[in-house]
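S.K.: Can you read through this structure? Questions will come right after.
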Amino acid sequence: MSAGNENMAAALSHAYAVSGRRAEAENILRGLQRKSKTAYVSPYVIATTFAGLGDKDAAFQYLERAYQEKSVDISSTPC
């Protein structure tokens, strides 16, 4: 559905998470984590799903990683 676009996949995963469709969100999250082992996936987009799932510790770990990497996603996010 996201045609390989990690940002779109993360947005969909977050939407699933906050709407109670946990299994679908976790499935996309696993895919993003798998992909991040062989290609760059912004830690920020992974953090958004963890936040939607209510896993604050994992969300902050990925946000910290995004900050350390100076991820463009953090600076381009509207305040």
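S.K.: Which members of segment 37-79 meet the condition of being among the small types (Gly, Ala, Ser) and touching a helix residue (DSSP H, G or I) at 6+ places or on another chain (Cβ under 7 Å)?
M.R.: Correct list: SER42, ALA47, ALA51, GLY52, ALA58, ALA59, ALA66, SER71.
S.K.: Now, a different point. For segment 23-79, what are the residues that are of a type in the set (Ser, Thr, Tyr) and assigned to a helix (DSSP H, G or I)?
M.R.: TYR44, THR48, THR49, TYR62, TYR67, SER75
S.K.: Under 9 Å by Cβ, and 6 or more places apart or on different chains, what pairs join a residue from segment 60-76 that is surrounded by fewer than 11 Cβ atoms within 10 Å (Cβ to Cβ) with one that is modelled with pLDDT of 80 or more and not in a loop (DSSP other than H, G, I, E, B)?
M.R.: Qualifying pairs under 9 Å: GLN68/PRO43.
The values are calculated or read from the model by the stated rules, or taken from the named source; none is laboratory data. These numbers come from a predicted model, not from an experiment. We place every Cβ from the backbone using ideal geometry, glycine too, and count neighbours over all the protein chains shown.
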